[in-house]
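Presented below is the structure to which this report refers.
The values are calculated or read from the model by the stated rules, or taken from the named source; none is laboratory data. Computed from a predicted model, the values in this text were never measured in an experiment. Here the Cβ positions follow ideal geometry from the backbone for every residue, glycine too, while neighbour counts run over all protein chains shown. Calculation scope for accessible area: heavy atoms of the full protein, side chains included, ligands and nucleic acids excluded. Shrake-Rupley method; radii C 1.70, N 1.55, O 1.52, S 1.80 Å.
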Amino acid sequence: MSEKPPRVGLFVTCLVDLFRPTVGFAAAKLLEDAGCTVEVPRTQTCCGQPAYNSGDRGDARSIAARTVEAFEGYDYVVAPSGSCAAMLREHYPALFTDDPGMAAKAAKLAGRTYELVSFLTDVRGVTGVEARFPGSVTYHDSCSGLRELGIKHQPRALLATVDGLTLAEHADAEVCCGFGGTFCVKYPDISNTMVSEKADAVESTGADTLLAGDLGCLLNMAGKLKRRGAKTSIRHVAEVLAGMTEQPAIGESAEG
Amino acid sequence: MESSARAFKENARAAVADPQLKRALSHVKEGFIGKRAKAAAKLPEFEVLRDAARDIKNHTLDHLDLYLEHYERKVTETGGQVHWCPTAEDARRAVLEICRAVGARTVTKGKSMIAEEIALNDHLEANGITPVETDLGEYIIQLRGETPSHIIAPAVHLTKDLVEADFRAHHTAFPPERPLSEPRQLVNEAREVLRGKYLAADVGITGANFLVAETGTSVIVTNEGNGDLTQVLPRVHIVVASLEKVVPTLEDVSTILRVLARSATGQECSTYTTFSTGPRRAEDPDGPDQYHVVLLDNGRSSMLGGEFQDMLRCIRCGACMNHCPVYHAIGGHAYGWVYPGPMGAVLTPNLIGIEEAGHLPSASTFCGRCESVCPMRIPLPKMMRHWREREFERHLSPAGARAGLALWAFFAKRPSLYHFVTGMAAPLLAALGRGRFRRLPLAGGWTAHRDMPAPEGRTFRQLWAGRRQGESR
Ligand code: SF4
């Protein structure tokens, strides 16, 4: 390609930053392999969903305003999370309906923001990856990515090109895992029922590994599967696509 | 109806621990979801019809006063009478007065959520009039002294064996050793019991799926035909309906009908779709002598022009609750008032107040499955968020949660401080965790049911800074 490589601002997400840096490095590698230059603006924190979904519009707005500022000037903004990408894309503009200046900036950001895997396939035209991951995996469709951004076939298309990997779909892959941000601690009984059903569905496939594109859901499902003593390993889809699976899986340690 | 929505959490805890309920609720998933998906897929213009249905209702709501006045004029012209009722109390009184004027002793009832909303049965009973539910599901829960747990399948929380036991206990005139384990046998027995009641009733009360402004017609859709007998056989027919049921024309009804049954049960069309216009005319072979419409507002008109107006498009198909994982987990009674599931989470606070019903819009993961199947394209999650915003503004959300949120937001707005703190916390948690925690202070809601995966080690930000130089800012 002779064109100048697009400059991508990586929106790491607060959960990846804190819990699973490997996902951030996997995202950076996949983006670079797709011909992008990757930068990580230092003033990013969280997309603001905890405030926004708790009805705290004021804090959601100030956090959104910071994010908009932090990512000004990039050709694209990419997040390894459907839910955070949907927050920037679908919800930021609506936060500034009474501030035309900010609304315009937020709309500009929204139009350039993508979830990682769909960015690779739909914007960069990636059709395959160079990675090896022997074993069977099952894939959970996280809600925001699926319903707000239409992410369904993209991760499956790329996973199909991973050497040694077979996909075993679980029943109700499109049904919520019960995470829902603060929902899981506010309504633990309901959340537990939901994640238990998800864990049943995952375990009954016999797949070695559960993958998804959102760390919130993954922490929830990993927490449940590990509590039950399930054999399933849990990873973010980017780790597998980037071939960065040396780290212990989510909720596991080097000592096992 | 009395509300127990404040006790939502306790209700939900009891519900998830009830194995009988769990078995009954599995039918919601198995019964409705696949059928709706098939019906939608079979009709190429289904998505276009959803848009059309939404537009019809939006147009009507924008001119609701006009269409309601026209509707009333037409009802009057055809010999019927409209009773405008601002409150539930007014509606109860209107129904009772009509019943008293004809000396009614028993009334038969078709399925009506508005009758539930105004707690009509209790009121009639308290005044010496016996209401008899004729919809099978409603009949069953009336025997049990329960309320509906679903807006189109009121007894969906019950399993067949429970119903069999109820019938054996109540229908003592039948031989005790009769076979009754098949659904068909239950239906036939209920039919037999009800047959006599239709003929004895002085008044028949039904709901309405639509009120047609063009003609003054009320429309009901059922699968049992009980609504027809209820409204045709007694001398008096009372329609109880809320005012947003009005649509401009018969043509509009047929458009919306095409998405209604498909979304509800996956049928192309319900078994019976019945149009009633006024009382019996001289040339009619049958029909009631009197035709009344008790038109309920009960807070709906105050939703017009505000952020909840879209909710008035709802046609009560039940698709949102059929697809709701929270509803699947807890069933309808846990919501604590007439309307369960996502539509209830938005509507109920409008009707009984957010102070009472605050849990309902909070208890959602915003998974969005409801909105994706709602035939009227009602943005349910967005409106639940509106409720949360109102609660937050009015300081109704719990103090602990607010404090936690404020602390988090304080850091999230200060990137340097935020990264300083997370940079300290991540390695510490990683060192303590050995992959995960079974218990963690301040995270009891999480660790009661699942482990908390530990961070890998240092934060991404620390590691990235170590490996790369020359970032832009
Ligand atoms: S909100 Fe939509 S899906 Fe739910 S009952 Fe109403 S019309 Fe049906």
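To the nearest 20 Debye, how big is the dipole of chain A about its Cα centre, given +1 on the beta carbon of each Lys and Arg and -1 on that of each Asp and Glu? Let's see the in-between values first.
Working: 25 positive and 32 negative charges, 53 e Å.
Taking the Cα centre of chain A as origin, the dipole is about 260 debye.
Can you list the lysines whose alpha carbon is less than 24 Å from that of A:LYS29, not counting same-chain residues fewer than 8 positions off?
Cα-Cα hits under 24 Å: A:LYS4, A:LYS152.
Mind grabbing the accessible area of A:ASP163 for me, 1.4 Å probe, Å², rounded to tens?
80 Å²
Let me have the 222 nm mean residue ellipticity of chain B computed from DSSP H runs of 4+ only, each contributing -39500 (n - 2.57), with the sum over all residues rounded to the nearest 500. Walk me through the numbers on the way to the answer.
Working: 24 runs with 239 residues, N = 473.
Rounded to the nearest 500, it is -15000 deg cm²/dmol.
Round to the nearest 0.05 the FRET efficiency obtained for B:ARG178 and B:ARG394 when R0 = 60 Å and r is the Cβ-Cβ distance.
Details: r = 58 Å, r/R0 = 0.96.
So the FRET efficiency works out to roughly 0.55.
Place a +1 charge on the Cβ of each Lys and Arg in the stretch B:54-173 and a -1 charge on the Cβ of each Asp and Glu, then give the dipole magnitude about the Cα centre in debye, rounded to the nearest 20. Mind showing how you got there, number by number?
Values: 13 positive and 20 negative charges, 63 e Å.
Using Cβ point charges on Lys, Arg, Asp and Glu, the stretch B:54-173 gives about 300 debye.
Compare the Cα positions of A:GLY73, B:HIS63, B:MET311 along the charge dipole of the protein assembly as shown (+1 at Cβ of Lys, Arg; -1 at Cβ of Asp, Glu; about the Cα centre) and return the one farthest towards the positive end.
Among A:GLY73, B:HIS63, B:MET311, the one farthest towards the positive end of the dipole of the protein assembly as shown is A:GLY73.
Taking 25 °C and 0.890 mPa s as the conditions, I'd like the Stokes-Einstein D for the stretch A:104-256 in µm²/s, using the Kirkwood hydrodynamic radius from alpha carbon pairs. Display every interim value, and only then the final one.
Details: Rh = 16.1 Å.
For the chosen part, D equals 152 µm²/s.
Take the Cα pairs of the protein assembly as shown, get the Kirkwood Rh, then feed it into Stokes-Einstein at 37 °C and 0.692 mPa s and tell me D in µm²/s. Mind dumping the intermediate values first?
Working: Rh = 27.7 Å.
It comes out at roughly 119 µm²/s.
Can you give me the Kirkwood hydrodynamic radius for the stretch B:61-296, using every pair of distinct Cα atoms, in Å to one decimal?
Numbers: mean 1/r = 0.0544 Å⁻¹.
Averaging 1/r across every pair of different Cα atoms and inverting gives 18.4 Å.
To the nearest 10 degrees, how steep is helix B:183-200 against the longest Cα principal axis of chain B, on a 0 to 90 scale?
50 degrees
What whole-number value in Å² describes the accessible area per residue of the protein assembly as shown for a 1.4 Å probe?
Details: 28640 Å² over 729 residues.
For the protein assembly as shown, the per-residue accessible area is 39 Å².
Can you give me the % of accessible surface on the stretch A:1-84 that is carbon or sulfur? Probe 1.4 Å, all protein chains present, nothing else counted. It would help to have the intermediate numbers written out before the result.
Numbers: 1300 of 2600 Å².
C and S fraction of accessible area: 50 percent.
For chain B, find the longest principal axis of its Cα atoms and tell me its angle to the long axis of helix B:415-433, 0 to 90°, nearest 10.
90 degrees
With N residues in chain A, what two-decimal value do you get for its Cα radius of gyration over 2.2 N^0.38 Å?
Numbers: Rg = 17.9 Å, N = 256, 2.2 N^0.38 = 18.1 Å.
For chain A, the normalised Cα radius of gyration comes out at 0.99.
If amide hydrogens are placed 1.01 Å from N in the peptide plane, which non-local residues have theirs closer than 5 Å to the one on A:LEU167?
A:VAL137
A:LYS152 versus B:SER3, label points 7 Å from Cα toward the beta carbon: distance in nm?
3.7 nm
Using the reciprocal of the averaged 1/r over all distinct C-alpha pairs, how large is the Kirkwood radius of the stretch A:149-211 in Å? Before the final figure, lay out each step's value.
Details: mean 1/r = 0.0751 Å⁻¹.
For the stretch A:149-211, the Kirkwood estimate is 13.3 Å.
Just the number: Rg to Rh for the stretch A:7-121, Cα atoms, Kirkwood Rh, two decimals. Walk me through the intermediate numbers first.
Working: Rg = 13.4 Å, Rh = 14.0 Å.
When Rh is taken as the Kirkwood radius, the ratio is 0.95.
Roughly how many nanometres apart are two label points built 7 Å out from the Cα toward the Cβ at B:ARG168 and B:ALA425?
About 5.8 nm, to one decimal.
Run the dipole for the protein assembly as shown about the Cα centre, Lys and Arg Cβ at +1, Asp and Glu Cβ at -1, nothing else charged, and hand back the magnitude in debye, nearest 20.
Numbers: 83 positive and 87 negative charges, 442 e Å.
Charge dipole of the protein assembly as shown: 2120 debye, to the nearest 20.
How far, in nm, would the chain grow between B:GLU307 and B:LYS382 when pulled straight, counting 0.36 nm per residue and subtracting the alpha carbon separation?
Working: separation 75, 0.36 × 75 = 27.00 nm, distance 0.96 nm.
Answer, rounded to one decimal: 26.0 nm.
Would you give the gap between the C-alpha center of the stretch A:6-30 and the C-alpha center of the stretch B:113-188, rounded to a whole Å?
57 Å
Where a Cα-Cα gap under 13 Å defines reach, which aspartates and glutamates qualify for B:LYS413, not counting those fewer than 8 residues away within the same chain?
A:ASP59, A:GLU69
So how tilted is helix B:380-393 from the main axis of chain B? Cα-based, degrees 0 to 90, rounded to 10.
Taking Cα atoms only, the helix is inclined about 70 degrees.
Give me Rg/Rg_expected for the stretch B:409-472, where Rg uses Cα atoms only and Rg_expected = 2.2 N^0.38 Å with N residues.
Working: Rg = 14.1 Å, N = 64, 2.2 N^0.38 = 10.7 Å.
Cα-based Rg divided by the globular estimate yields 1.32.
Taking each residue of B:404-417 in turn, how many C-beta atoms of other protein chains fall within 10 Å of its C-beta, and what is the average? Walk me through the numbers before you get to the answer.
On the way: counts 4, 7, 3, 0, 9, 11, 1, 3, 13, 9, 3, 8, 3, 1.
The per-residue average across the peptide is 5.
Mind checking the full-extension length gain between B:ASN58 and B:GLN20? Use 0.36 nm per residue of separation minus the Cα-Cα distance, one decimal, nm. Display every interim value, and only then the final one.
Numbers: separation 38, 0.36 × 38 = 13.68 nm, distance 4.11 nm.
The B:ASN58-B:GLN20 span can extend by a further 9.6 nm.
Quick one: P(r) of chain B from all Cα-Cα pairs, 10 Å bins, percents rounded to integers, in order of increasing distance.
Binned Cα distances yield the sequence 4, 17, 26, 24, 13, 7, 5, 2, 1, 0.
Report the calculated FRET efficiency for B:ASN127 and B:ARG191 (r = Cβ-Cβ distance, R0 = 35 Å), to the nearest 0.05.
Values: r = 28 Å, r/R0 = 0.81.
About 0.80, to the nearest 0.05.
Measuring from label point to label point, each 7 Å out along Cα→Cβ, what is the B:GLU283 to B:GLU355 span in nm?
5.8 nm
When a/c reaches 1.5 or more, the comparison of a/b and b/c decides; with that in mind, is the stretch B:1-87 rounded, prolate or oblate per its Cα gyration tensor?
Details: a/c = 2.81, a/b = 1.43, b/c = 1.97.
It is oblate, given that a/c is not under 1.5 and a/b is not larger than b/c.
Just name one of A:LEU10, A:THR161, A:LEU31: the one whose Cα is farthest towards the positive end of the charge dipole of chain A (beta-carbon charges, Lys/Arg +1, Asp/Glu -1).
A:LEU10
Multiply the residue gap between B:ALA465 and B:ARG144 by 0.36 nm, knock off their C-alpha separation, and tell me the result in nm, one decimal place.
Here the answer is 108.9 nm.
R0 = 25 Å: FRET efficiency of A:SER136 with A:ARG228, Cβ-based, nearest 0.05?
Working: r = 19 Å, r/R0 = 0.76.
That gives a FRET efficiency of 0.85.
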